[in-house]
Amino acid sequence: MTKRLLLLVLVGALALPLAGCQTGRGSHRPDPNTLYVGAVQSSFPSAYMPWLSREGIAPTIANMLYSSLFSYDEETDRYLPSIGREWYYVDENGEPILTEDGSIDYARLEEIYSDPQYDYLAVKVIIHQDITWSDGVPLTVEDIYYSFDLATNHALSNHAGALAWTSDLKHKYNNGVLVEKGLFTYERGALEQGYHIDPAERDYVIYLHVNKVLGAVTPLFTSVLILPKHVWEPVVSRENQLNSSSPSAELLYRYTHPVGCGPWVLDTEQSGSQQIVLHRRQDYHLKKPDGSPLYGVDTIKFILYKEQNVALYALLKGHIDVLDSSVSSNYLLLFAKEKDLFVSNAPGTFTQTLVFNLNPVASERNPLRDLLANREFRKALALAVNQDELIKNVLDGAGVPASAGLMRPSLTDFYNPEADSIVPRDYAQRLALANEILDGIVPDKDKDGYRLLGGERISFKILGTPGEQDVVSFLQIQFKKIGIDVQYAPKGAQPESTYLYTSKFDLVLQGVIFSLSNVDIMYPAHFSTLGRTSNYGRLVNEGLNAAIEEMRYTLNLNRKYELLKEIQPMIAQEFYKVPLYTANVISVARTDRFTGFQVVEGSTVFNSESLQNLRRVEGR
Amino acid sequence: MKLSYVIKRVLYSLFVFAVVITLNFFIPRIGVEDPAERYYPPQGNMSEIEYEIVKQLTREQYGFHVSTWQQFLNYLKGLAQGDLGTSFRPGSPKVLDLIKERLPWTLVLSVSTMLIGLIVGVLFGVVAAVKRGRWQDTLLLNASTVMVALPSFFIALVLSFYLGFEWEIFPAYTDSTMVSEFAWTWEGISRVARNAALPVMSMMVGSIISYAQGTRNAVIAVTNEDFVLTARAKGLKRSTIRYKHILRNSLLPIVTSLGMSISGLIGGQVVIEQVFNWNGMGTLFLEANQTNDYPLMMGIMLLLSGFTILSILLTDLVYVLLDPRVTVGDKR
């Protein structure tokens, strides 16, 4: 009886799993014209209002469905056409301030706008004439005006990011009332402002007044995704703000059924919380030089993976074509054994640094941290950092040393190698120099290293994430060589609130990216501003601050470049954010169905250049 | 069952729930200077004044602009109307809607696991107890030792790799259209069963062992009781003694285990859901945590706490039905 019952229950219990047995092994990528893309994150977005898309894959999707005025090319320091066809600064009559070869005449710009009567720079933007929204309605400057106007009017948009992106636009609202006008079109005051617009171009020309900062146009051109006025204006009001905590049904419908002007359109039927399907727009206005579509695939299907190992297996077993996620260098050996794989080991843009708390608030000072206030002491620690060893051991060789001036050498126009000649190259020599410095500052030393006068061992805690423990371990070995002890301490989920803004740390690991497009914002945030900024160690250097200020406000691009070069050695000499390495971005794609994947600096293999170059493999 | 006992238990439960609601509201606010700052960290080259405006508007949007006590009262008012609040997610979805979307899929896994674990586990436990000291018992004891050392995420990854990716017997992870295309048809149900197979298998091994171990120990303890000896002396049939006398009296610890399992039914299994791409409550909580979505975290925690309190209450009441001698907190 017992045996029979046991058998019965066993059969019953196994019925459910057995019902799951697959009957056949069908292809995991059935559609030959679809690129299957894996994305590792916890969930896919359910709403696609571009300004609200901040997490995970949402910004990627938003940038595929919508467009900004221009995109920025770091390598050439140029704005590439998107909605906008061309732009330039103009004088008071709306005439372009350009040299004969068509580039911006910075000398004249400075000459004209140095006059204190101007508290703005005037910019003319001309947009493409053949752009349509995905619902077929033509895109005009009215859409541009509406988007910027909405972004600056918080009473309607209720969107902090939009306020930030447009903070350099001289178009201001106060509680829903326009107090300063900085946007001008044919029908919206351009003529009164003295700007001539040919009636034939009335729908395609807009003038902007921006703050007198060369970097002011960057967020306006590249961060604000333009919205269709005909879609949003009828439903956005003070009662139904764009970013509403209780959106009306009409708003919700627009969040979930996006109408964009980008190269892709969302398939709302097939998209959900675990997959997103995009189709290429046949009428996208940007084409290849031969007139063929800009992108090489018809459809992109993003598939959600919540666990990276599962996503990698899915790629290796041919369930997807490409993984939109960077992977650890530990996987390089695994990939080497596989066929039909394209491994992108792209140079990184993200520099890992070690930040010293050199000026803590009074309540957080102690004798150990007082040592960090001494620039020579910081220099001794910086001398002990061996970037080559860190790259070999932590990154398995997948990285490059970072410049002491924290600017990437690939940015040849303003990278200054002088920043890297401040300390000797030979590591043995550096260690000797470090000990020489330390002997002068901390005279008490035994076989285990340096001690304070009271006998306390000199030991600092380095805040990091669990994934950064190996970095700290190797730093521990390197600092031990000069007799200084360091220990790992967890950063926690909210390090800014719990440690960094409150000065409750000795050292912390921090990633930085500096480029021409962000230095106006990032240099003050990292080196000048005190309080709630990335200047965690509260560096105060009047000379550096003055140089950063001048760099930010100069209207002469050549002078800006000169200042950028001058600032890098100043940063290096502070030994405040000491570079550890710049890690490569490793990512992987299958080449059995599509080829043409491109390696792009700082990006995974799923990037815009790859999409433009992809070709179907014949017969697959 | 005494009515006074039931009333007392219900009142205890309501009191605990009130404490939970209070803690659930205040704990996320501890150490947070300004929730608006968490929701919208400083960004761009926004001036201090602009950022203050933004923070004020964010506070108003999510009701942080009034005093904490007023917020608490508003929270209670919302709860009374069945409103768990609004998530910080784009599109500001209602917390209750997000939970409703995920809960059924978590129940698919947890209820299947619990039922299989209960049935198979109890049966294995009885067999091991009856065959005490023989190979069936040794197998169970050894399996328990091994399973304690094997975390479920390891089992999940092994099953996903071999049964899913390598041999392709079951889907290695959830079909990305399973949820969006689900329909109450045989095909739809079978598709869910197919996708649930590996997650359920990953979880049920531990569940079976746990129930089997508990049942075995309880049955062995009851077998040595005097009333079993009496039943044997009366010449009752072996099966009658085993199932009517021994098993019934061994149910108390099993009911305790079951009660605890019920309370965990809706919580989801974060790691299992992650490995198998299963869109359940576990990953919903993880997402809320990763994005500092307080309203969502508070909503999920409240639901879990409420369900746990309810399941403990039910367990206590079932105890009395099974054993009328149970009088927790009552004067004898």
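Every number in this text was worked out from the coordinates using simple rules, so none of it is lab data. Computed from a predicted model, the values in this text were never measured in an experiment. As a convention, Cβ positions derive from the backbone with ideal geometry for all residues, glycine included, and neighbour counts pool all protein chains shown.
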- Task: Select from chain A the helices, each a whole stretch of DSSP H, whose alpha-carbon atoms run 15 Å or more along the helix axis and whose Kyte-Doolittle mean is at least 1.6; answer none if there are none.
- Result: A:2-19
- Enter the mean number of other protein chain beta carbons within 10 Å of the beta carbon of each residue in B:165-171, as an integer. 4
- Note on the structure: With a 22 Å threshold on alpha-carbon distance, the violating pairs from A:Lys379/A:Lys445; B:Lys131/B:Lys244; A:Lys306/B:Lys55; A:Lys392/A:Lys480 are A:Lys306/B:Lys55
- Message: Inside 10 Å of the C-beta atoms of B:183-196, what's the mean count of C-beta atoms belonging to other chains?
- Response: 2
- Query: Taking each residue of B:157-164 in turn, how many C-beta atoms of other protein chains fall within 10 Å of its C-beta, and what is the average?
  - Reply: 3
- Message: What's the ranking of A:64-71, A:98-105, B:180-187 by average number of surrounding C-beta atoms within 10 Å, highest first?
- Response: A:64-71, A:98-105, B:180-187
- Message: Charges on Cβ only, +1 for Lys and Arg, -1 for Asp and Glu, centred on the Cα centroid of region A:193-299; of A:His209, A:Ser237, A:Ser223, which one is farthest towards the dipole's positive end?
- Response: A:His209
- Tell me which residues come under 5 Å, amide H to amide H, from A:Lys445 once H is placed; ignore anything under 5 positions away on its chain. A:Arg451
- Task: Would you mind calculating the relative contact order of chain A from Cα pairs under 8 angstrom and at least 6 residues apart, reporting the percent as a whole number?
- Result: 18
- Message: Which aspartates and glutamates, if any, have their Cα less than 15 Å from the Cα of A:Lys212, not counting same-chain residues under 8 positions apart?
- Response: A:Asp91, A:Glu92, A:Glu110, A:Glu111, A:Asp115, A:Asp119, A:Asp168, A:Asp520, A:Glu549, A:Glu550
- Item | Mean residue ellipticity (222 nm) of chain A, computed from DSSP H runs ≥ 4 via -39,500 (n - 2.57), nearest 500 | -8000 deg cm²/dmol
- Query: Tell me, what is the percent relative contact order of chain B, built from C-alpha pairs under 8 Å that lie six or more residues apart?
  - Reply: 26
- Ordering of A:36-43, B:242-249, B:139-146 by packing [mean C-beta count within 10 Å, highest first]: A:36-43, B:242-249, B:139-146
- Message: If you take every residue apart from A:Leu35 with its C-beta less than 11 Å away from the C-beta of A:Leu35, what net charge results, scoring Lys and Arg +1 and Asp and Glu -1?
- Response: +2
- Would you work out the relative contact order for region A:462-620, in percent, from Cα pairs under 8 angstrom that are 6 or more residues apart? 12
- Item | Dipole-positive endmost among A:Ser587, A:Ala546, A:Leu564 within region A:464-620 (Cβ charges, Cα centre) | A:Ser587
- Note on the structure: In chain A, taking the dipole from +1 charges on Lys and Arg beta carbons and -1 charges on Asp and Glu beta carbons about the Cα centre, the listed residue (A:Val578, A:Ser410, A:Ile462) farthest towards the positive end is A:Ile462
- Sparse-neighbour loop sites [GluC sites (Glu not before Pro); region A:254-354; at most 11 other C-beta within 10 Å; DSSP]: A:Glu269
- Task: Please work out the FRET efficiency for the pair B:Thr256 and B:Asn142, using the Cβ-Cβ distance as r and a Förster radius of 25 Å; give the result to the nearest 0.05.
- Result: 0.50
- Which order, highest average first, do A:562-568, A:353-359 follow once you tally other Cβ atoms within 10 Å for each residue and take the mean per peptide? A:353-359, A:562-568
- Return A:Asp321, A:Asp115 ranked ascending by Cβ neighbour count within 10 Å, so the fewest neighbours appear first. A:Asp115, A:Asp321
- Item | aspartates and glutamates whose Cα lies under 19 Å from that of B:Lys94, excluding same-chain neighbours fewer than 8 positions away | A:Glu55, A:Glu239, A:Glu250, B:Glu60, B:Asp83, B:Glu287, B:Asp293
- When the helices in chain B are scored as -39500 (n - 2.57) per DSSP H run of 4 or longer and the sum is shared across all residues, what 222 nm value do you end up with, to the nearest 500 deg cm²/dmol? -22000 deg cm²/dmol
